[in-house]
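Undergrad: Take a look at this one; I'll ask things after.
The values are calculated or read from the model by the stated rules, or taken from the named source; none is laboratory data. A quick note: this is a predicted structure, and the numbers were derived from the prediction, not measured. Methodologically, a virtual Cβ is constructed for each residue, glycine included, from the backbone with ideal geometry; neighbour enumeration extends over all protein chains shown. Side chains included, ligands, DNA and RNA excluded: accessible areas come from the protein's heavy atoms. Shrake-Rupley method; radii C 1.70, N 1.55, O 1.52, S 1.80 Å.
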Amino acid sequence: MSRPALPDDTELSDRIRTLDLESKVRLLTGASLWRLPAEPRLGLSAVTMSDGPQGVRGTGDDPAETGLLAPAPSALAATWNTELAERLGNLFATAARRKGVDVVLGPVVNLQRTPVAGRHFEYFSEDPLLTGTLAAALVRGLQNRGVSACLKHFVANDSETDRTRYRSRLDERTLREVYLAPFEQVLAEAEPWSVMAAYSGVDDGIESAPMTENARLLREVLKEEWGFAGPVVSDWAATGSTVASAVGGLDLAMPGPEPLWGEPLAEAVRAGEVDERLIDDKVLRLLRLAAHTGRLGEPGQNPVPSAAPAGPTEEEFRLLREVAARGMVLLRNQGDLLPLAPGGSRAALPVPPPEDLRHEPHLPRPAPDGIRSVALIGPNAVTPYLQGGGSAFVPAVRTVSFEDGLRAALPEDVRLSVHRGGDSRLRPPYLTDARLTDPGTGTAGVRAHHLDADGNQVGGRIRPSGDWSGYSDFGPETHRVVLRTVLTLTEPGTHRLEIGCVGRYGVTVDGEEVLAGDDDRGVELILDSTHNNPTLRGIDLEVGPQPRRIALDVDLTVVEPGGYDRFVTAQLRHAPPGSTPYEEIAEAAAAAQAADVAVVVVGTNEEVESEGWDRTALDLPGHQNDLVRKVLAANPRTIVVVNAGAPVLLPWADEAPALLWAWLPGQEAGHALADVLLGRVEPSGRLPWTLPARAEDVPVPDAVPRDGVVDYGEGVHIGHRAWDKGGLSPAFPFGHGLGWTRWAYESVAVSQSSVSTDLPSPAGGDGLNLTVELTNTGPRAGGEVVQVYVEPPRDGVDRPVRLLAGFATVQAAAGARTTADLHVPTRAFQVWDAGTGGWRTPSGRYRLHVGRSSRDLRLTAEVTVDAGRFHAAR
Ligand code: BGC
C-alpha cells in the first residue's frame, strides 16, 4: 500500500516553533482516556489509541461496540509462523481503522519469566527470539496498513503482583541478552512508531528508577543507542512525577489530562527544571506518530480521515479460525486417535494398536465403524475461556463455542451430548435478580442509596445483579453508598453468601451486623489494577422447609483514589445448598462411557488468567483433575483439550491417549477445534513455553516482590534455558508439538553469511546459514517447525546450556523430502560485556543442535569462533 511521503523533521520543527510553551505542553497528555488533543495550527488532529493485543477493543464511546477477537498472543506464538502473525497484524489494522483507532496498544513483548504471571497469555513466549520474531511480524502487519503499534511494556514488567510499585532488579547483561532483546529486535526489524513505558521500575545496577522516569533506558538505550524516533507513552496512569518523567524520556502521559503534566510541566520549563528543547522533541515525536497514522495534515487544515473499512468480513473470521487451529499443539496422540473419523468413513479410522496392546486400557479401541457419538465434557466445554482478562479484553462480534463448532462440523447422524462435569470457578456466581427485590419498590434487583456526609439521601440507582464492582455513578456530594435488597432463598439447607468490598464497609442481615471492616489492602489492589477482585468473606444462612426472605444492607464509604473516579466496590455472590461437582462428574463419566469418543475440555477461566494479579498455583481450578481421571477411566478413546493460555499442571497427562493444547482461542474457538479434531487442519503448533510436570520443578515459581524488589536472580537462564541448566524434565519441553505426521532429520550443512559483528538486528544480519534436509516419513502431509539451538562453550562466562538461535517452518507431502533454511545471527553467539558496554563474541567451539524441540535434538554441527570469526569445526 503506497502512502504519501512524510514531512521531514525540519519542516515539523518549523511548525512546532509557531506554538508557545503552553500550547506545546497541552499536546503531551491525553485529552481523554484514549485520545490526544488536536492542534489545528500544526495540522494535527486527535490521535486515538485503543488496547490490543487480542484484537482492537475501541474507545468505548459506543457501549454496544464489539470487535474481532483473535486468539491470545501465546496462541499466535505457538504457530511459530511469521506470515500468519503479519496477516493478523493486517487484520488488527483494519479493525482499528473501522473504529477510528490510530494506535493499537500492543504487542506485548514482556517475557514469560514465571508461569504464574497473570498476563502470561498476553506475552508471546518464554524465549526472547521467538517473542521478538513474531512481534516484529505483527508490527509490520499493523504498520504496513498505516496503524501504529505501541510496543509494551518497556521493560522487565513480567508479572502483576504490586505491579505499579515493584522494581525489577537484574544485571545489565541479563537485561540486554534477555529482556531488552525482543524490544531491540522489533525496533530493528519493524520500527514500531510508539513504545509504552511500564508501571514497574528497573534497577540494573546503573540506574534504579520507575520506567516512566528511567533516563538511562528510555533516553540512552531506547532513543539514543537504538534510534527510536517515536513517542514513549506512559502506561495508563503510570506517570508519577512532573520533572523526573519529562527529563527521564517520557513523551506522552496517558490517559489525560494527567494532572502532573499540563500546567505543572509548563511551570517546570519556566523554572528552568526542564529544558524547552526536550518539550519540542516530545512534540516532534508525537507529530511523527501522527504523520505515520494519517493524523497530520497541512497547518490550518484538518486531515480528512479515510473512510472506515466495511466489515467484519467472512475472510477475517477465516483468518482468526486459521490462527486458532494452526496454533493448537498436539502434545500426545497415542495410536493416532486423532484426527477422528466420524460417520462411517473407514479409510480415515485410527490405526488399530498392535494385537498385544489391545488389552491396554489407555489405548484407543478400534471402532468397528466411524464415530457415531461424541460426549463433549468439561466446564470449559460448556463455557469456553476465549480470551484473557484485563485491558486486553475485547467484546467479541460473535463467538463460536466448542459445542457450536462441533455441531456444525459433525455429520448429522453423529450424536453430540454436552456435560459440564462440575463448575471450576472458585468464587460463587453473582446474585441475580431472580433472588433480589428492592424493598422500597418491590422491583427486582439491588438499590443503591447515595448518602451525603450527613447521611441524607442525595440520589440512587437500581441494578439487577449483585455485581457492584467499581460503581461510580454518583456525584461529588456522595460520601456513602448503601446497597439494599431483600434476598429470597428457597432451597432448604445451607446457603452461602460471599461478599467482597473495598475500603470501609459494613454488612447487615435482617438489621444485624455480620461483617464490617476497612479493607485498605483492597483499595491498594484495585488502584494497582481495576481488574483485581476484593477479598470475599462468607456468611452461611440456614433455610428450613419454608423459603426465607432476608434483608441485606451493604454500607460502603466512597473510595477517594485521587485524580481518578471516586468509586465503591461490592460483590454479592451466592452458592445454593449442595453445590458440589461430584454428581456432575459421575454423570459426565457415564456419558463418556456410553459415547464412542469423549472430548474433555478443561482449563482456566476469568478467575485465573487475567491482568491485575499473578496466580498462586499452577493447578487446574476446581475438580477438573478428578473429572479428567474419571472420564479417562470410563472411555479409552478420550481426547483431552486444554483451554488455557498459560501452563497448568496435568498430573494425568501420561494417561491421556490424545492431548491437545487449544489456548485461549478467540471468537472462532469452536470452528477451530472442530477443524483440528476432524483433521481438516493440522494442529501445527509448538509450545512457546515449557510445561512443568510438577510445581516444585518450576525455575521461577513466583514473582512476589520482596521489599519492593523482584529479583531476577536466575539471570540469563529463562524458561527452557533454566530447565536445561537444572537438568529437570518437564511434562513437555519448549518447542514440542506432534502434528499429524513424523519427520526424519537427514542432514545439516552450515555456511557463513558474513563475519561482521555490527548487527542491524539481534536476529538478522550476519551470522551463519543452516540448510537442513528432512523427510516427512508419516502417513499424511504436514508441517514442521525446524529449530536450532546454540550450545556455547562451557568455559568462562555463565551462559545458557543451549539457546534458541533460529527456526523455520516447512511443509511436505507424505514421504516427501524438503529443505529448511535457517539463519543463526551472530548475536546468538554473543554476550553483553558490561565492562566495555558492548557485545562480544567469546571464542571457542560452539555446537549447533537442530531438532523438533529443546529436548528432541536430531542433528548437530560444530563451529569454532576465533577473534569474532567463524570456522567450520573439524
Ligand atoms: C495496561 C496496559 C494497557 C492500559 C490501557 C494498563 O493497565 O497495563 O497494557 O494498554 O492499561 O488500558
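Undergrad: Would you work out what percent of the accessible area of region 542-683, with all protein chains in place, is carbon or sulfur (probe 1.4 Å)? Please list the in-between numbers first.
TA: Values: 2220 of 4410 Å².
Carbon and sulfur together cover 50 percent of it.
Undergrad: May I pose another question? If the cut-off is 18 Å between C-alpha atoms, which lysines fall inside it for Lys24, apart from same-chain ones fewer than 8 positions away?
TA: Lys282
Undergrad: Separate question: Rounded to whole Å, give me the distance from the Cα center of region 481-542 to that of region 842-874.
TA: 61
Undergrad: Just to be sure I understand the model, the point goes 7 Å from the Cα along the line to the Cβ. What's the resulting Val704 to Glu513 distance in nm?
TA: 3.1
Undergrad: Run through every distinct alpha carbon pair of region 17-292 and return the Kirkwood hydrodynamic radius in angstroms, one decimal place. The partial results should precede the final answer.
TA: Working: mean 1/r = 0.0540 Å⁻¹.
Evaluated over region 17-292, this radius sits at 18.5 Å.
Undergrad: Give the residue list of trypsin sites (Lys or Arg not before Pro) in region 76-167 that are DSSP loop and have at most 14 other beta-carbon atoms within 10 angstrom.
TA: Working: sites: Arg87, Arg97, Arg98, Lys99, Arg113, Arg119, Arg140, Arg145, Lys152, Arg163, Arg165, Arg167; in loops: Lys99, Arg113, Arg119, Arg145, Arg163, Arg165.
Passing both the DSSP loop test and the Cβ count: Arg165.
Undergrad: When the Karplus curve 6.51 cos²θ - 1.76 cosθ + 1.60 is applied with θ = phi - 60°, which whole-Hz ³J(HN,Hα) does each residue of region 483-490 get, with x for Gly and Pro?
TA: Result, ordered by residue: 8, 10, 7, 10, 9, 9, 10, 9 Hz.
Undergrad: Check Val709: other-chain or 5+ apart residues with amide H under 5 Å from its amide H, H built from backbone geometry?
TA: Amide H neighbours of Val709, under 5 Å, 5+ apart: Arg167.
Undergrad: At a temperature of 25 °C and a viscosity of 0.890 mPa s, determine how fast region 1-46 diffuses translationally according to Stokes-Einstein, using the Kirkwood radius over alpha-carbon pairs as Rh; express D in µm²/s, rounded to the nearest whole number.
TA: On the way: Rh = 12.0 Å.
In µm²/s, the coefficient rounds to 205.
Undergrad: If you don't mind, another one. When the accessible area of region 741-872 is split by element with a 1.4 Å probe, what percent falls to carbon and sulfur?
TA: Roughly 45 percent, rounded to a whole number.
Undergrad: Over the chain, what relative contact order in percent results from Cα pairs under 8 Å that are six or more residues apart?
TA: Numbers: 2271 pairs, mean separation 125.0, N = 874.
It rounds to 14 percent for the chain.
Undergrad: While we're looking at this one, here's another question. If you stretched the chain out fully between Arg17 and Leu278, how much longer would it get, using 0.36 nm times the residue separation minus the C-alpha to C-alpha distance?
TA: Details: separation 261, 0.36 × 261 = 93.96 nm, distance 1.31 nm.
Taking 0.36 nm per residue and subtracting the Cα distance, the gain is 92.7 nm.
Undergrad: Compute the FRET efficiency between Arg742 and Arg694 as 1/(1 + (r/R0)^6), taking r as their Cβ-Cβ distance and R0 = 35 Å, and round to the nearest 0.05.
TA: After rounding, the FRET efficiency stands at 0.75.
Undergrad: Per residue, how much accessible surface does the chain expose to a 1.4 Å probe? Answer in Å², no decimals. If you can, show how the numbers build up before the last one.
TA: On the way: 31530 Å² over 874 residues.
Per-residue value: 36 Å².
Undergrad: Still on this model: Please list, by residue number, every one of the trypsin sites (Lys or Arg not before Pro) in region 625-674 that is coil in DSSP and has at most 11 other beta-carbon atoms within 10 Å. Please report the intermediate quantities before stating the final value.
TA: On the way: sites: Arg629, Lys630, Arg637; in loops: Arg637.
Loop-located and lightly packed - none at all.
Undergrad: So, with a 1.4 angstrom probe, what is the percent of accessible area on region 17-292 that is carbon and sulfur? Walk me through the numbers on the way to the answer.
TA: Working: 3410 of 6870 Å².
Result for region 17-292: 50 percent of the exposed heavy-atom area is carbon or sulfur.
Undergrad: In whole angstrom, note down how far apart the Cα centers of region 56-97 and region 255-314 are.
TA: The distance from the Cα centre of region 56-97 to that of region 255-314 comes to 25 Å.
Undergrad: May I pose another question? So for the chain, considering every pair of alpha-carbon atoms, how many percent are separated by more than 57 Å? Numbers along the way, then the final one.
TA: Numbers: 41682 of 381501 pairs.
Distances greater than 57 Å cover 11 percent of the Cα pairs.
Undergrad: Here is a further query. Enter the mean projected area of the convex hull around the alpha-carbon atoms of region 17-170, in nm², rounded to one decimal.
TA: Details: hull surface 45.0 nm².
If I average the Cα hull's projected area over directions, I get 11.3 nm².
Undergrad: May I ask you to derive the FRET efficiency for Asp654 and Asp61 from their Cβ-Cβ distance with R0 = 56 Å, giving the value to the nearest 0.05? Could the numbers behind the result be given before it?
TA: Values: r = 52 Å, r/R0 = 0.92.
The formula returns an efficiency of 0.60 here.
Undergrad: Region 570-594 to region 174-235: how many Å between their Cα centroids?
TA: Each part's Cα centre sits 48 Å from the other's.
Undergrad: Same structure, new question: Across the Cα atoms of region 1-87, what radius of gyration and what greatest pairwise Cα-Cα distance (Dmax) are found, in Å?
TA: Cα radius of gyration and Dmax of region 1-87 are 18.3, 51 Å respectively.
Undergrad: Something else about it: How much of the DSSP bridge set in the chain is antiparallel, in percent, rounded to the nearest 5?
TA: Taking every DSSP beta bridge within the chain, about 75 percent pair in antiparallel fashion.
Undergrad: Sticking with this structure for a sec: For region 29-181, what proportion of DSSP beta bridges, expressed in % and rounded to the nearest 5, is antiparallel? Don't skip to the end; give the middle numbers.
TA: Values: 3 of 9 bridges.
Of the beta bridges lying entirely in region 29-181, close to 35 percent run antiparallel.
Undergrad: As an exercise, identify the trypsin sites (Lys or Arg not before Pro) in region 384-462 lying in DSSP coil whose Cβ has no more than 16 other Cβ atoms within 10 Å. Intermediate values should be presented prior to the final figure.
TA: On the way: sites: Arg398, Arg407, Arg415, Arg420, Arg425, Arg435, Arg447, Arg461; in loops: Arg398, Arg420, Arg425, Arg435.
The qualifying sites are Arg398, Arg425.
Undergrad: On to the next question. At 7 Å along the Cα-to-beta-carbon direction for both Ser729 and Arg398, put a label point, then send me their distance in nm to one decimal.
TA: The modelled label-to-label distance comes out at 4.7 nm.
Undergrad: Under a point-charge model restricted to the Cβ atoms of Lys and Arg (+1) and Asp and Glu (-1), what is the dipole moment magnitude of the chain relative to its Cα centre, in debye to the nearest 20?
TA: Numbers: 85 positive and 117 negative charges, 431 e Å.
The calculated dipole for the chain is roughly 2060 debye.
Undergrad: As a test, work out the antiparallel percent of DSSP beta bridges whose residues both lie in region 17-292, rounded to the nearest 5. Numbers along the way, then the final one.
TA: On the way: 6 of 23 bridges.
Counting DSSP beta bridges with both partners in region 17-292, the antiparallel share is about 25 percent.
Undergrad: Relative to a virtual label point 7 Å from the Cα of Ala867 in the Cα→beta-carbon direction, which members of region 843-860 show backbone nitrogen distances below 17 Å?
TA: 843-845
Undergrad: When the distances between all Cα atoms of region 554-609 are binned every 5 Å from zero, what whole-number percent does each bin get?
TA: Percent of Cα pairs in each bin: 4, 12, 10, 13, 13, 13, 8, 7, 7, 6, 5, 2, 0.
Undergrad: Let me have the 222 nm mean residue ellipticity of the chain computed from DSSP H runs of 4+ only, each contributing -39500 (n - 2.57), with the sum over all residues rounded to the nearest 500.
TA: Numbers: 17 runs with 169 residues, N = 874.
About -5500 deg cm²/dmol.
Undergrad: Give me the net charge of Val243's neighbourhood, meaning all other residues with Cβ under 13 Å from the Cβ of Val243; Lys, Arg count +1, Asp, Glu -1. List each step's numbers first, then the result.
TA: Numbers: positive: Arg270; negative: Glu213, Glu267, Glu273, Asp275.
Result for the neighbourhood of Val243: -3.
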